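First comes the structure, then the notes that go with it.
The values are calculated or read from the model by the stated rules, or taken from the named source; none is laboratory data. Nothing here was measured: the structure is a model prediction, and the numbers come from that model. Neighbour counts run over all protein chains shown; Cβ positions are idealised from the backbone, glycine included. These accessible areas exclude ligands, DNA and RNA; they are computed on the full protein's heavy atoms, side chains included. Shrake-Rupley method; radii C 1.70, N 1.55, O 1.52, S 1.80 Å.
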Amino acid sequence: MNVLLNPELWSSALTLAIPIAFAALGGVFSERAGVVNIALEGKMLIGAFAAVAFASLFHSAWIGLIAAILAGALTAMLFAWATVYLRADHIIAGLAIDILAAGLTGFLFNSIYGQMGTPSDTPSLPIWHVPLLRDIPVLGPVLGHHEALVYLFFLVLGVSNWVLFRTPIGLRWRAVGEYPRAADAAGVPVLRVKFWAVVAAGAVAGLGGADLSIGILNSFSPGMTTGRGFIALAAVIFGAWRPWGSFLAALLFGFATSLSFQLQGTAAISKNILLMLPYIVTILALTGFVGRTTAPAADGQPYDPER
Amino acid sequence: MSARTIWPGIAIVIAFVVGGILTFAFGNDPITAYRALLSGSFGDVYSIASTLVVTLPLAITGIAVAFSFRSGLFNISAGGQYWLGGIAAAWVGYAVKLPAVLHIPLAMLAAVAAGALWGAVIPGLAKAYRGAHEVITTLMMTYIATDFGHYLLEGGPMQAPGYTPQSPPMQPSAIIATLVPGTQLTWAILLVPVIAVLAWFVLQRTSLGFSLRLAGYNLRAARYAGVNPVAAVLTALAISGGLAGFAGSIQVLGVDRRLFDGFDPSYGYTAIVVALLARNGPFGVLLAAILFGALDTGASQMQIVANVPFNLAGVIQGIIIFFIAAEGLLRYFRRRRSAPAAEPRAAAAE
Amino acid sequence: MREPPPTPAERPHETVLEVHGLTKTFPGVRALDGVDFDLARGEVHAILGENGAGKSTFMNVLYGLLRPDSGDIRLWGQPYAPASPNDAVAAGVGMVHQHFMLIPALTVAENVALGAEPRRRGALDLERVVARLEELSEAFGLEVPPRARVADLSVGMRQRVEILKAFYRDARLLILDEPTALLTPQEVRELFRVIPQFTERGVSVIFISHKLAEVSQIAQRVTVVRRGKSVDTRPTAGATPRELARLMVGRDVDLQIPHPEVEPGAALLEVRGLRAEGLEPLDLEVREGEIVAVAGVEGNGQEPLIGALAGLLPAQGEVVLDGRPIHNLSVRKRVESGLGLIPSDRQDEGLVLPLNVAENLALRQYYRPPFGRGGLLDLGYWLERATAAVERFDVRPPAPRAKASALSGGNQQKVVLAREILGEPKVLIASQPTRGLDIGAAEFVHQQLLELRGHKRGVLLISLDLDEVLGLADRVVVLYRGRAMGELTRAEATREKVGLMMLGHQDAEEAA
C-alpha cells in the first residue's frame, strides 16, 4: 500500500502516459474521420528519431520538436495518400508504415550514428517547475515538475477537444467518419477532410515520439517505441473515441507501467510479469470488461466517391 | 498477364530501387551492396542453406497468416504464437526423456497446441463473444508472450543454471537432424512444401475449409449457410496459431537447440508481408519466404562487405508491403488513361 | 385531395426548368436516350417509370452527380450544367434521396449545418442553425426537434430533416426521389399535406415515383419515362392508371397474376407462440399447396420472424415442420428438415458475391453427400449440377464459373431461387423475392413460387409490395409493430383492408 502513496508512482504514471496520450489523440483524429490508424507506432518512431536528429544538429530541443511534428505529418501523408486516395486496406497500409518506419529509422541511426549511438550532448526539452502548482500539497509533487511536453499536451488536448466538437472542421471530421456518402451529398470534400485529419494525427503522434526521445531522455535507439503506438490505438477505443477519454485510458496504461517499475524492487513478482500489465489491461478494455463503446460507423472503410 | 498479376513483382522492384537510392544517398555503392546481398544469400551452398534456415520459419508463419486471412481474420501476431510454440517445444525438448522417434513429434505437438491455444482462446473468444478486433488483441498477446518468455528465462522456472537467460539445452533425442553438414539447415525444410499443400488442400477441398472461407467472405451469408460463426473464428485462429507454434518448435529443435531470451517474434510481421506478397497463395508464400529469407541472410553480409546497415532489409520490406496495400494505384493509372468513359457512379442506383 | 396548380402572385407560368434531348450512356447501357422535361414555378411534376427506366440517372444529372453526354438544360432561363452537387445547391436545386443522406450519430442541427456551416469566431454557430430551422419549420409546416440525434427519429421525421436541409440551402426546386418508399401510409398523407405548402411559396417540386396512384394524387403533370426516353407528358387530371401503366411498361399490362385453384392439404408449417426481439408471440400455419403472405410496412417484425423461423436469431416458441418440431435445431438441421429460405438481402446474405455460381448453388449443402463426403468436397459434382441449374433457371450468362458479383440483380436472384428450389424444401420462406427486379425477372420468380404451390409445397411469402401479396397469396397475415393484426383469406383480402391492418387496425371486421 505504501507504493500507492508514493508521489513518484503517480508522477511517473503521468510521464509514461503522455507519449501514449499524444499518439492516442492522433488516433482519435483519424478514427473520427474514419481511418483506422495502426501506423501510429511508425509515426511515433519517426517522430522520435527526427526529434533527436534535429535537436542534436541544431543544438536545440525545440527545433527537434518541430522536426518531429513535421516528420510525423509527412509520414502520415504517405499513409493518408494510400488509405484515403488509393483506398488501401487501413491495417495493411498501417503495418507497412510501421515496418518501413522501423527499417528506416534503424537504417538512418546506423548510417549516421553507428555503434556510438546518438550524441550524448543532444539537448532535451526542459523540465518545467510550475509555480503555484508545485506548492500544492499532495498534488504538487505529482503535477508540479515535468518535462515541457506534459504541459503542452494539455494545451493540445484542450484545442483538439474544441476543434472536434465546436468547429466546422470538427463537424466535418465526425461526419466523414460516420457516413461519408451523406457528407459528400452535403458538399463536404470527403477525401480532403479525411486526408488532413490523418495528417494532423501524424503530427500529434510525432509529438508523442519526440516526448520519448527528447522529452524523457535525450537519445534515440531503434525500436524504442516498443508498441506504444499500438497501445495508443487501444486507448482510442477504450477512451470511446473522445480526446479526454483517450487521455484517461493512456493514463491507465501509464499507471500500469509505472506500477510495474515501482514494484520491481519491493515485490516478489518478476518485473516481466508486471510488464505485461498494460497489455493485459488493453485486452480487458477491448473486451469491454472495463467499459464498452461503439466506433464511428464508417471507421476503417475506404470511401469511393464514385460508387 | 494483367497488371494486377505482376503487381507484387513491380512492388519488389520499386522497393529495391528505393533501397538503392537510399544506399547511394549515404555514400555507398548500391551495386556493391546488392551484390553482397546476393552473394550473402545465394553465393554458395552455405549461404543458400542459411537463407533456407530463415525461410523455414517464415514460410510456415506465412502460411499461418495466409490461412487466417483466407478465413477473414487478421492474425497480425503470429510472432506471439511462435514464441509460445518455442517455449513448449523447448520444455518438452529438455525436460522429457523419450526416444527420438517420439520425442521430436511430441515436442512439435506441444508447440502446435501451445500456439493454437495462444492464438485461439483469448483473441478468438474476445472476437466471437465481445467483438474485440483480433488485430489489437493478437498484437497485445505478442507482447505478453515475449514478456512471459523473458519471465521464464530470467530467473524463472526455465532458466538453466548460471546467469545467462537461456533454457537448458535440448536433449539429443529432441534435436532435428541437420540436412547440410556445417549449417543449421535441418530436414524440417522438407516439411514446408508439405504444409503448403496441406493448407491449400484444407481450404479448397474440404468442407471445413469451405466453411472457413465462407466466414471469411461474409459472416452473415456464412450464418445463413449454416456455419457456426464462433466455431469458425476459433478454428481458424487455432489452425493459424498452431502453424505459427509449429514454426517456433522447428526453430528451437533444429536451429537454436535451446530457448534464448532473444528468441525473435518479429517473424510474425515479416510473415504478414510474405502472405500479402503471395496474395495468400500457398506456393507464392514459399517464394516470398525465400525472398525474405535471402534478404535477411544477405543483409548481414551486406553490412560487413558494403557497410550498408542491415536495416535496409526492413526498409525494403516496408516498401513492398506499402505498394501491395497501394494496389489502388493501378486503378488510378487505368482510369487516367480512359477518363472520359468511366462514370459508374449512379449506374448501379437505377 | 387534388388541388389546382397554385397561381403565383408575381410572374405566372414562369418556367423554372427546361430539358431537351438529354442523353447519357454508361458502358453497355443507354441510360438516358432523349429526355424532354419542363417544370413551372410552383408546380409538382411527377416522373413515373419502372426500376431502371432512367429516373435516377436523370435526377443525378440535375443534381450534378453525373454529366450528360448531350442535351440542353436551362434553369431559370440560364444554361445549367452542374459539375457537382455544390453547383446544384448554389443554383437553388435541392434533392431528397430515397436513402436519406443523414448522419445518425449527429443531431438534426448538425446534419442541416454540415457543408454549409455558419461560424462565429471560428467556432460552429449551431444556435444560428437552430433559429433558422425553427423559422423554416414554421414556414413549411415541418416540425422537427433541432437538438435531437437523427438516430432517435422516425423515418418520417428524418425525411422532414432532409427536406429542411434543402430549404436551409435556399432550394427553390426540390427533387423528391421515391419519397414514399419507406413511409407508412400516415406519413405519406402527412407528406402530401405539406407539399402544397412548399409550392404556395414558389417552390417547384419534381416527384419521382413508380406508383401510379400517388402520382395522380400529388402532381399536376406527369412525365412517363421508359428505357431512357420520356414517352409522354400530360396533366394528371384525366389520366387513368391503366393508360399510365401502359405508357410505363410499353405494353398492355395485366397487373393480375394468374392464380390457379389448388386444394390445400395438410399443415406443413405450424408456428405457435413464436417470439423474438421485435416479434410478439405469433401463430401461423402454412398448408400443402398454399402461399401464405406476410404483409406489413418495412421494419414491423419481418426480419425477426424470418430469423426466428430459420434459426438465425434466438427465439422462443414452437415451430413444427411437417409434424416435426424444429425450433431447437440449428440453421443447418432446419435446412435438412426441409425449410428453404430466400433471404431479403440477396447480396449480403443470400449469396457470397466473390464465389462463383456453382459454389453459391452449394452454399447450404456443401458438407453432405452428394456435395461432399468424409469432409472432402466433390467439386466436379458441383459444376455438373450448376450447369444443369443455370439452364433450368435461365441464369444469364449460363456460366457456372461466373462470379456471383458479375451477375445482374435478376440473375443473382435466380441463383438464390435455384438453390432453394433444388434443395426441395417442404416449405419455402421467400422474403421480398422480387425487390428491385424488373418486370420480366419478377414474373419468373412468381411462376416458380406458384409452381411450388402446385406441387403441394408450402410458401411463406414476406413482402412489402402489396400488389405481390394480393396477387399471390391464398391467405394474408399482416404484421404491425411485431404483432399479427389478423389473418385474411384471399377473398377477404382487399387492398383497403390489408392497408388498414398495416396501419395497426386490429382485424378485418373493424377495418371494414
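Once A and B are treated as a pair rather than alone, how much accessible area drops out, both sides summed, in Å² to 100, probe 1.4 Å?
Approximately 4100 Å², summed over both chains.
In whole percent, how big is the carbon plus sulfur part of the accessible area of chain A, probe 1.4 Å, protein atoms only?
68 percent
Suppose every K and R has +1 on its Cβ and every D and E has -1 on its Cβ; what is the size of the dipole of chain A about the Cα centre, in Debye to the nearest 20?
Here the size comes out at about 520 debye.
In the calculated pair distance distribution of the range C:254-373, what percentage of Cα-Cα distances lie above 24 Å?
39 percent
Roughly speaking, to the nearest percent, how much of the range C:102-170's 1.4 Å accessible area is carbon and sulfur?
Using a 1.4 Å probe with all protein chains present, the range C:102-170 comes out at 48 percent carbon and sulfur.
Round to a whole angstrom and tell me the spacing of the C-alpha centers of the range B:71-93 and the range C:348-410.
The two parts, judged by their Cα centres, are 37 Å apart.
Considering amide H positions built from the backbone, and no H for Pro or chain starts, which residues 5 or more places from residue C:461, or on another chain, come under 5 Å of its amide H?
Residues meeting the criterion, in which the H sits 1.01 Å from N, are C:292, C:293, C:294, C:430.
Need one number: % antiparallel among DSSP beta bridges in the protein assembly as shown, to the nearest 5.
Of those bridges, close to 60 percent are antiparallel.
Using the Cα gyration tensor of the range B:143-259, with a ≥ b ≥ c the square roots of its eigenvalues, what is the shape: rounded (a/c below 1.5), prolate (a/b larger than b/c) or oblate (neither)?
Working: a/c = 4.53, a/b = 1.76, b/c = 2.58.
Because a/c hits 1.5 or more and a/b fails to exceed b/c, the range B:143-259 counts as oblate.
Given the peptides B:36-47, B:60-71, C:406-417, arrange them by the average over their residues of other C-beta atoms within 10 Å, most packed first.
Sorting B:36-47, B:60-71, C:406-417 by mean packing, highest first, produces B:60-71, C:406-417, B:36-47.
Rounded to the nearest Å, what's the spacing between the alpha carbon centres of the range A:60-100 and the range B:252-269? Just the number, please.
31 Å
Hey, what did the range B:3-332 get for relative contact order, percent, Cα under 8 Å, at least 6 apart?
Here the relative contact order equals 37 percent.
Once you average over the residues of B:304-312, how many Cβ atoms of partner chains fall within 10 Å of each Cβ? Write down the numbers at each step before the final one.
Numbers: counts 0, 0, 0, 3, 3, 10, 4, 11, 6.
Mean partner-chain Cβ count within 10 Å for B:304-312: 4.
Taking the Cα centre of the range C:45-116 as origin, sum charge times position over the Cβ atoms of Lys and Arg (+1) and Asp and Glu (-1), and report the length of that vector in debye to the nearest 20.
My answer is approximately 60 debye.
Averaging sequence separations of C-alpha pairs under 8 Å and six or more residues apart, then dividing by the length of the range B:18-85, give the relative contact order as a whole percent.
Computed value for the range B:18-85: 14 percent relative contact order.
Trypsin sites (Lys or Arg not before Pro) within the range C:102-176: which are DSSP loop residues with at most 14 other Cβ atoms inside 10 Å?
Listed in order of number, the matching sites are C:121, C:147.
What number comes out for accessible area per residue over the range B:3-332 if the probe is 1.4 Å? Units Å², please.
Normalised by residue count, the accessible surface of the range B:3-332 is 36 Å².
Once neighbouring chains are kept in place and the probe is 1.4 Å, which whole percent of the accessible area of the range B:119-175 is contributed by carbon and sulfur?
64 percent
Any idea what the dipole of the range C:192-274 comes to, in debye rounded to 20, about its Cα centre with Lys/Arg Cβ at +1 and Asp/Glu Cβ at -1?
Using only the charged Cβ atoms, the result is roughly 580 debye.
Partner chain Cβ atoms within 10 Å, averaged over the residues of C:146-156 - can you pull that number for me?
Counting Cβ atoms of other protein chains within 10 Å of each residue's Cβ and averaging gives 0.
On a C-alpha basis, how far is the centre of the range C:185-247 from the centre of the range A:174-231 in Å? Whole number, if you could?
Here the answer is 50 Å between Cα centres.
Please calculate how many Å² of accessible area the range A:2-286 carries per residue, with a 1.4 Å probe and no DNA, RNA or ligand atoms counted.
That works out to 34 Å² for each residue.
Using DSSP to define loop residues, name the chymotrypsin sites (Phe, Trp or Tyr not before Pro) in the range B:147-184 whose beta-carbon has at most 13 other beta-carbon atoms within 10 Å.
Sparse-neighbourhood loop chymotrypsin sites (Phe, Trp or Tyr not before Pro): B:163.
Residue farthest toward the positive end of the dipole of the protein assembly as shown, with Cβ of Lys/Arg at +1 and Asp/Glu at -1: which of C:317, B:185, C:31?
B:185
Would you mind telling me which residue in A:138, A:193, A:236 has the biggest mean-square fluctuation in a Gaussian network model of chain A, where springs connect alpha carbons within a distance under 10 angstrom?
A:138
Normalised by the residues of chain C, what does the relative contact order come to in percent, with Cα pairs under 8 Å and at least six apart?
In percent, rounded to a whole number, it is 14.
Find me the longest stretch of chain C that has none of the exposed GluC sites (Glu not before Pro), where exposed means in a DSSP loop (not H, G, I, E or B) with at most 12 other Cβ atoms within 10 Å. List each step's numbers first, then the result.
Numbers: sites that count: C:10, C:143, C:261, C:277.
Answer - C:278-512.
Picking from B:125, C:173, B:174, whose Cα lies most toward the positive end of the charge dipole for the protein assembly as shown (charges on Cβ: Lys, Arg +1; Asp, Glu -1)?
B:174
Kindly compute the accessible surface that chains C and B hide from a 1.4 Å probe when together, both sides summed, and give it to the nearest 100 Å². List each step's numbers first, then the result.
Details: alone 23740 and 17140 Å², together 38120 Å².
Answer for the C-B pair: about 2800 Å² buried.
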